[in-house]
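I have placed the structure first, in the form of structure tokens, so that the comments after it can refer back to it.
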Amino acid sequence: MTSEKTKTVSASRRAFIGGALSAGGGLLLSTFLPGLPLIQTAQAQDTLTGSLFKPNAFIRVPSQGAITLVMSHVEMGQGIYTGLAMLLAEELEVGLDQVQVEAAPADPAYIDKGASEEETGGSSSTRHCWVYLREAGAAARMMLIAAAAQRWGVEAAGCKAHEGRVSHQATGQSLSYGELADLASHQPVPEKVTLKSPADFTLIGTSPRRVDTKAKTNGSARFGIDAQIPGMKIGRIMACPVKGGHLTGYNKQAALAVPGVVEVLTLPDAIAVIGDHMWAAIKGLEMASPEWDYGKNSTTSTEDIIADMKKASDQSGVTAVKRGNAQDALRNAHTRINAVYELPFLAHAALEPINTTLHIRPDGADVWVGTQVPGRARQEVADATGLPLEKIFIHNHLIGGGFGRRLDSNSIGQAAHFAKQVSYPVKLIWTREEDITQDQFRPYYYDRISAGLTNEGTVSGWHHRTTGSSVSARWSPSDMDHGLDPDAVEGAAETPYTIPDQLVEFVRHEPEALTTLWWRGVGPTHNVFVVESMVDELAHKAGQDPLTLRKKLAAHQPRAIKLLDEVAKQSGWGKPLPEGHGMGVALHHSFETWAATVVEAKVEKDGQIHILSAHSAVDCGPVVFPDGVVSQIQGGLIFGFTMALYNEITLKNGRVEQSNFHNYRMMRLSEAPDIHVHILPDADAKIGGIGEVGTVAAAPALANALFAATGKRLRRIPFAKQFGKDAV
């Protein structure tokens, strides 16, 4: 929401809107983005003969039936199909029940201009679509009104759109959008698109039922793993348990002897058994008894990796921030704290394991999958098969949990290498064990941090050196800035606080025995834990209230102060607590959103940890879908608490030791705290993201609460076993 009454966007300064007849009759609108190549999509070829265009979003208004939004961002539980449909419906003047959502295919037409590729990640979907989907809806509305005015021979100013109809107020005439669709498609494109005043919003800022709720509750929703293709076979995959190893042998005859097994396929580092059904594939792979040469990583352990990281962290890194003279300030500090913080490798452990269904033919390929990056998935299949991109069709599905894992499409490439060896459609599935042991993991981080205090208890000097893998260097090399990975220092390079003498560095260290990848809130999830823990340490060292010190350090950030005051009030910060109870606070600004979180925890005498409550005050600027914000903060906190208490991936002899939920523990329903989300929107601010905000706050707020309860400072995750409790 913006504060001005009406926002007008000139076509010369923004994406311009083009209209055309759809194949079945009706209006098709596409948003064009300047600076991106004009590429004609397969859909567009049905509608604009001889035209070239680069749509980023489509609206289809058919002569009959529901209006369709072709969604360029994927739904994986975060509610984005609802939130983005609300943007469209608000300006189009239709109810949410009048809009249906359709997943976009892989095509450059659907590149997210903020990410420069087809991508759903980084809590960016609403932020990147906030303007252009509203523009598309507004343009459609204006053209439909113009069509009605032309048919009735009246001025457009006397017509009004509402709930999918255009009415002429003076005469009472009314036509549905479907009745106007054909004529609207011949209207000139508006030179200026007028967006509604936030004061006139009827949908944005409300909490309607999610558009995917019905399908997900009645069983009709289709995730990638639900794909059913005529003639399809099922395959189970197993890759070498140690990265860099290769397949040396297997018992093909024993596998084929299992009833229902039809094929055994191999790659240099993996094997797949294909069956008429999943059970045949599972038993067939067991009987195949694959043998491996584990390669050079066969002796690597987590301890080896940590030792190497510790050694690497002794050296200076690439400078991310340098203000004043941190070293002099630290030398002259009255009190100095030197600390090492460690965060483990983490798996994504989504409910839906990795799966891909493919039908690869000499003349093309169809792929049914849930992916956060359809364009990269398409390229993986092209690389594996040699087929041209335009002959490869990605049918994207709902995703049963992404968390960044499906930002990589290596599993789709692996599946394509297998599927090209057969002529029939095949669904290739990773078991839960394969999904966890062959994951691409959140990096291990080894952080050295030093901070000082003056006699008066103010911060004097701050030196933060983070050592870890660079996901950006592999996944998006263009994001690297002279060796600096911006994600690796996000949440450390810019904090909510004023610290005059500050040095932040990044030391890149890549473990050879596994591959790292984005994980829900990667950089901030790591760095905010370190920063907020250290601020808490300083507060206690100086004898100050931790929340009060944060207010002093963030005095120049009015949005932060507002949130700290609110969360203090709502949580009862400072109230007397029973023995073994403690409250901890964390403040952060991540994904353009401000959040302050207070956790109350209890530690039993035997070391059992109970998270009793969490209060999170959130300012994400304008709010589109309040229930979605609440759900994402709640889910993000649970995800983060689970990680903080229990989760780590460890290696022994090059192999991942965790394999399923018995030893990669999820928080249970009985352990979940009461979570209260307090939304304090700033209508004049830049719109922020939400999906990862709760996860970022979980570990630091919990760690600080546990210190308040026990006096034990936790500088290494996971926490539970440090109180004598393991992950089981």
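Taken together, the residues in the stretch 308-326 that are open to solvent by 60 Å² or more (accessible area, probe 1.4 Å) and either within 14 Å of Ser469 (Cβ to Cβ) or in contact with a His (Cβ under 8 Å, 6 or more places away or on another chain) (or both) amount to 1.
Just to be sure before I move on: is Val422 open to solvent by 10 Å² or more (accessible area, probe 1.4 Å) and in a loop (DSSP other than H, G, I, E, B) in the structure I sent? Yes, satisfied. For the stretch 643-686, a residue qualifies if it is open to solvent by 10 Å² or more (accessible area, probe 1.4 Å) and among the hydroxyl-bearing types (Ser, Thr, Tyr), and the qualifying residues are Tyr646, Thr650, Ser659, Ser670.
Determine whether Glu494 is open to solvent by 10 Å² or more (accessible area, probe 1.4 Å) and outside any strand (DSSP E or B). Here the answer is yes, as Glu494 does meet what is asked. Considered as a group, the residues in the stretch 59-95 that are open to solvent by 20 Å² or more (accessible area, probe 1.4 Å) and of a type in the set (A, V, I, L, M, F, W, C) include one that is farthest from Ala350 (Cα to Cα), and that residue is Ala66. Using the structure shown, decide if Ala384 is modelled with pLDDT of 95 or more and in contact with a His (Cβ under 6 Å, 6 or more places away or on another chain). It is true that Ala384 is modelled with pLDDT of 95 or more and in contact with a His (Cβ under 6 Å, 6 or more places away or on another chain). One residue stands out among those in the stretch 169-194 that are touching a Lys or Arg at 6+ places or on another chain (Cβ under 8 Å) and at pLDDT 95 or above: the one that is most open to solvent (accessible area, probe 1.4 Å), which is Ser174. The selection criterion, being open to solvent by 10 Å² or more (accessible area, probe 1.4 Å), among the aliphatic types (A, V, I, L, M) and either outside any loop (DSSP other than H, G, I, E, B) or modelled with pLDDT under 95 (or both), does not hold for Leu538. None of Ala701, Ala697, Ala708 is over 24 Å from Gly401 (Cβ atoms) and among the hydrophobic types (A, V, I, L, M, F, W, C) except Ala708. Within the stretch 595-606, residues that are closer than 15 Å to Ala720 by Cβ have Cβ atoms under 6 Å from residues that are polar (S, T, N, Q) and surrounded by fewer than 24 Cβ atoms within 10 Å (Cβ to Cβ) in these pairs: Val603/Thr710, counting only partners at least 6 apart in sequence or on another chain. Got at least one residue in the stretch 229-246 being touching a residue at least 40 places away in the same chain (Cβ under 8 Å), in contact with a Lys or Arg (Cβ under 7 Å, 6 or more places away or on another chain), buried (at least 21 other Cβ atoms within 10 Å of the Cβ) and closer than 30 Å to Ala488 by Cβ? Looking for residues that are touching a residue at least 40 places away in the same chain (Cβ under 8 Å), in contact with a Lys or Arg (Cβ under 7 Å, 6 or more places away or on another chain), buried (at least 21 other Cβ atoms within 10 Å of the Cβ) and closer than 30 Å to Ala488 by Cβ, one finds at least one in the stretch 229-246, hence yes.
Would you mind finding the one in Ala617, Ala596 that is touching a His at 6+ places or on another chain (Cβ under 7 Å) and assigned to a strand (DSSP E or B)? Sole residue among the options that is touching a His at 6+ places or on another chain (Cβ under 7 Å) and assigned to a strand (DSSP E or B): Ala617. Of the residues making up the stretch 393-419, those that are open to solvent by 10 Å² or more (accessible area, probe 1.4 Å) and touching a strand residue (DSSP E or B) at 6+ places or on another chain (Cβ under 6 Å) are Phe393, His395, Asn396, His397, Leu398, Gly400, His417. Among residues of the stretch 687-705 that are open to solvent by 10 Å² or more (accessible area, probe 1.4 Å), those with a Cβ under 6 angstrom from a residue that is in a helix (DSSP H, G or I), sequence gap 6+ or separate chain, pair up as Ile687/Arg127; Ile690/Val629; Ile690/Gln632; Gly691/Gln632. Taking the numbered list (1) open to solvent by 40 Å² or more (accessible area, probe 1.4 Å); (2) of a type outside the set (Gly, Ala, Ser); (3) touching a Lys or Arg at 6+ places or on another chain (Cβ under 7 Å) in turn, Pro477 passes all entries but (3). Of all residue pairs spaced 6 or more apart or on separate chains, those with beta-carbon atoms under 7 Å, a first member in the stretch 633-661 that is acidic (Asp, Glu) and a second member that is open to solvent by 10 Å² or more (accessible area, probe 1.4 Å) and modelled with pLDDT of 95 or more are Glu657/Thr650. Residues being more than 20 Å from Glu90 (Cα to Cα) and modelled with pLDDT under 95 are entirely absent from the stretch 151-161.
The values are calculated or read from the model by the stated rules, or taken from the named source; none is laboratory data. This one's a predicted model, so the numbers in the text were calculated from it and none came from an experiment. Ideal geometry is used to build each Cβ from the backbone, glycine not excepted, and the neighbour counts take in all protein chains shown. Accessible surface is based on the protein model in full, side chains and every heavy atom, while ligands, DNA and RNA are left aside. Shrake-Rupley method; radii C 1.70, N 1.55, O 1.52, S 1.80 Å.
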